[in-house]
Amino acid sequence: MSANPIRTLGVLLMSLFSSSAFAELQVGDSAPAFDLIDQYQKPQRLADYAGKWVVLYFYPKDDTPGCTTEACSFRDDIFKIRALGAEVLGISLDSAESHAEFAKKHGLPFPLLADTDARVTDSYGALMGLGPVKYAKRHTFIIGPDGKLAKIYRDVDPKVHSAEVIAELGRLAGKS
């Protein structure tokens, strides 16, 4: 069976546009550690959430349509998510100041982490870019209380994603 030329071209283009030098993370892998500041200039470390479920979502840009839809859905569902023992953390390459404006404008009750050097985004395989233009892909990772990846979403629809995450958290936490 010969290779599909369109698929081969797609794989080549993805490897050109993605700067991640890391192997793709898999369920069961330890979540890469991070130490970033949030919209209030407060340090946030993955280690601070040991023993809890963490919904770590990467998004391209503050206050853009899809990113606002996704963030506001997590905002609207935050009590359901926290009732399942989980916390939500958003990450993009935007600055803490940009995150502060975005969070204030939309009343976001969870930390937005500034990964301005893109190291954390890259460590999760969520970095896209061409030359100097870089952004986070819309990926979400559910991290278990043990610090291991319990679920990975690489194809996210911002309109339904929060509901998907809640259903999965319920299943993972045995509360569905």
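The values are calculated or read from the model by the stated rules, or taken from the named source; none is laboratory data. What you are looking at is a predicted structure, and each value in this text was computed from that prediction instead of being measured. Please note: Cβ atoms are built from the backbone with ideal geometry, for glycine as well, and neighbour counts cover all protein chains shown.
Some notes on this structure:
- With respect to (1) of a type outside the set (V, I, T); (2) touching a residue at least 40 places away in the same chain (Cβ under 8 Å); (3) on the phi > 0 side of the Ramachandran plot, the lone exception for K151 is condition (3).
- Of the residues making up the stretch 39-68, those that are over 15 Å from G147 (Cβ atoms), among the β-branched types (V, I, T) and buried (at least 17 other Cβ atoms within 10 Å of the Cβ) number 1.
- Flag: G125 matches the condition of being in a loop (DSSP other than H, G, I, E, B), under 13 Å from the mean Cα position of the chain (by Cα) and buried (at least 19 other Cβ atoms within 10 Å of the Cβ).
- Some residue of the stretch 138-152 being in a helix (DSSP H, G or I), buried (at least 18 other Cβ atoms within 10 Å of the Cβ) and either basic (K, R) or modelled with pLDDT of 95 or more (or both): no
- Close pairs from the stretch 56-78: first over 18 Å from A114 (Cβ atoms), partner of a type outside the set (V, I, T) and outside any loop (DSSP other than H, G, I, E, B), Cβ under 8 Å, at least 6 apart: C72/H106; S73/H161; S73/S162; S73/A163; R75/H106; D76/S162; D77/S162; D77/A163
- For D146, the conditions (1) under 19 Å from S30 (Cα atoms); (2) touching a strand residue (DSSP E or B) at 6+ places or on another chain (Cβ under 8 Å) all hold with the exception of (2).
- Filtering the stretch 101-110 for residues that are under 15 Å from R45 (Cα atoms), outside any loop (DSSP other than H, G, I, E, B) and under 16 Å from the mean Cα position of the chain (by Cα) leaves an empty set.
- Close pairs from the stretch 106-130: first within 20 Å of G66 (Cβ to Cβ) and of a type in the set (V, I, T), partner part of a loop (DSSP other than H, G, I, E, B) and at pLDDT 95 or above, Cβ under 7 Å, at least 6 apart: T121/L93; T121/D115
- Hits in the stretch 137-166 (condition: polar (S, T, N, Q) and closer than 23 Å to A33 by Cα): T140
- When residues of the stretch 95-119 are limited to those that are more than 21 Å from A33 (Cβ to Cβ) and charged (D, E, K, R), the one surrounded by the most Cβ atoms within 10 Å (Cβ to Cβ): E101
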